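The values are calculated or read from the model by the stated rules, or taken from the named source; none is laboratory data. All values reported here derive from a predicted model rather than from experimental measurement. For neighbour counting, all protein chains shown are included, and Cβ atoms are generated from backbone atoms with ideal geometry for every residue, glycine included.
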Amino acid sequence: MLAMHMANELLSVPFAGVTLLAATLVVVWAAWRTKKTIQSEKVPLMGVIGAFVFAGQMINFTLPGMPGTSGHLGGGVLLAILLGPSAAILVMSAILVVQCLLFQDGGLLALGCNIINMGVVPCLVGWGLYRLTLGRAETAKPWRQYAAAWVACIVGVTAGAALVPVQAAISGVLKISPVHFLGVMVGVHLIIGFVEGLITFAVIAYLRQVRPAALGLKTADAAGRLSRRAVLVTFLATAVLLAGVVSWFASSHPDGLEWSYLEHHYGESDEAVVAPSETVTRVDALQTRWSLLPDYTKRTAALGEEPVEEETADEAETAWPSMSGWGSLAGLIGTAVTLLVVYLIALALRRRDRTAPGQA
């Protein structure tokens with residue numbers, strides 16, 4: 001099973017095609033909107049914060065009160081707070097594409113749904129609630145900004161997760177009650193959203209201390225105690241540490257989505273979804289053959305070949321913490337690729353803006 005995001009088997013092929021088209025249209029709109037609004041200083045920030053979110057998503061944490069289940073940072077609301085919703089959608093889309101193509105994290109057919117559920121909905125819904133709760137951003141009090149971020153994370157993350165049962169039900173692949181599945185997904189992701197709020201809280205608290213201008217605050221010390229470059233280096237160093245070392249200590253329990261439809265027992269059925277179609281099976285096989293580091297681990301076969309299935313796992317692979325060199329390498333590669341891709345996208349949009357008629 002894929003590690004974090006929606007898998008191909010949760011969708012029908014026609015519905016997957018519709019959502020891929022819808023996600024593409026939203027991403028095109030986000031690029032157009034970002035081109036109109038992006039500022040020069042945001043270009044490196046987009047790349048660095050994208051790398052930070054990619055690395056943060058590798059760290060699954062055991063959910064409080066729900067042993068055997070884990071969650072991970074989504075990051076959409078944090079991106080929207082720092083970059084604005086349109087740029088955040090672009091960055092999250094790039095992260096999800098990198099995860100899907102390089103690491104088989106999320107199904108290729110489900111890429112449109114993952115962009116909508118993890119990118120579009122948290123970025124737009126979360127951003128809207130954040131601004132509504134925050135009030136005047138330039139003079140926002142700390143408690144109000146923290147509360148706004150928490151509300152935005154809880155609602156944004158849960159709203160995106162709630163779409164998964166709806167999409168699976170429309171696809172006609174469920175063998176269980178969509179209402180029950182929805183209830184479980186919402187319950188689990190309310191807790192995940194709460195923890196994501198803590199992480200977002202920590203980032204905002206840090207920026208309020210060292211670089212208030214990054215949050216749009218206008219204070220006597222708006223420039224901050226650290227330069228913009230120093231803040232970027234801090235985030236990048238943290239991303240490298242998360243991907244290369246802290247990922248060893250990530251929870252090995254299934255994440256909220258995987259647990260909700262693979263591990264949770266619904267009573268009327270031992271399986272949550274019907275057997276995947278032949279097309280879905282072929283797409284899964286295609287991803288397996290061509291993913292560079294599937295599931296963030298070493299390939300057991302050359303690219304283009306079916307991997308060798310291992311019947312038993314070594315104790316080192318099942319131990320916690322999982323001090324995996326290949327996992328660290330995968331995290332560092334993903335962090336670097338995300339940084340490069342997002343930075344080039346932001347730079348291209350900014351350059352086009354500068355050379356537009358009347359802007360010379």
* Structure fact -> Scanning segment 228-284 residue by residue, those surrounded by fewer than 20 Cβ atoms within 10 Å (Cβ to Cβ), within 30 Å of Phe181 (Cβ to Cβ) and of a type in the set (S, T, N, Q) turn out to be Ser251, Ser252, Ser269, Ser277, Thr279, Thr281
* Asked: Just checking, how many residues over segment 164-177 are surrounded by 20 or more Cβ atoms within 10 Å (Cβ to Cβ), touching a residue at least 24 places away in the same chain (Cβ under 8 Å) and assigned to a helix (DSSP H, G or I)?
  -> 4
* To do: Among the residues of segment 319-351, count how many are farther than 26 Å from Lys35 by Cβ, over 22 Å from the mean Cα position of the chain (by Cα) and assigned to a helix (DSSP H, G or I).
  => 1
* Structure fact -> Here the qualifying pairs (Cβ atoms under 7 Å; residues six or more apart or on different chains; first in segment 136-147 and part of a helix (DSSP H, G or I); second not aliphatic (A, V, I, L, M)) come out as Ala137/Gly216; Glu138/Gly216; Glu138/Lys218; Thr139/Lys218; Pro142/Arg208; Arg144/Gly135; Tyr146/Phe201; Ala147/Thr133
* Please go through segment 49-76 and pick out each residue that is surrounded by fewer than 22 Cβ atoms within 10 Å (Cβ to Cβ) and of a type in the set (Phe, Trp, Tyr). => Phe61
* Structure fact -> Of the conditions (1) surrounded by 24 or more Cβ atoms within 10 Å (Cβ to Cβ); (2) in contact with a Ser or Thr (Cβ under 9 Å, 6 or more places away or on another chain), the single one that Leu190 does not satisfy is (1)
* Asked: So which helices (runs of 4 or more DSSP H) stay within segment 1-111 end to end and still have 3 or more residues that are among the basic types (Lys, Arg) and touching a residue at least 40 places away in the same chain (Cβ under 8 Å)?
  -> 13-37
* Structure fact -> Given the conditions (1) of a type outside the set (D, E, K, R); (2) crowded, with 23+ Cβ neighbours inside 10 Å; (3) closer than 30 Å to Pro276 by Cβ, every one holds for Met46 apart from (3)
* Asked: For segment 137-154, does any single residue satisfy the condition of being within 16 Å of Met6 (Cα to Cα) and at pLDDT 95 or above?
  -> no
* Structure fact -> Given the conditions (1) surrounded by 24 or more Cβ atoms within 10 Å (Cβ to Cβ); (2) modelled with pLDDT under 95; (3) hydrophobic (A, V, I, L, M, F, W, C), every one holds for Cys113 apart from (2)
* Given the residues Ser177, Ser171, which is the only one that is among the polar types (S, T, N, Q), within 27 Å of Thr69 (Cβ to Cβ) and at pLDDT 95 or above? -> Ser171
* Restricted to segment 137-187, and to residues that are under 20 Å from the mean Cα position of the chain (by Cα) and of a type in the set (S, T, N, Q), which residue is farthest from Thr279 (Cα to Cα)? -> Thr158
* Asked: Any residue in segment 228-237 that is farther than 29 Å from Met66 by Cα, in contact (Cβ under 8 Å) with a residue 40 or more places away in the chain and touching a Ser or Thr at 6+ places or on another chain (Cβ under 9 Å)?
  -> yes
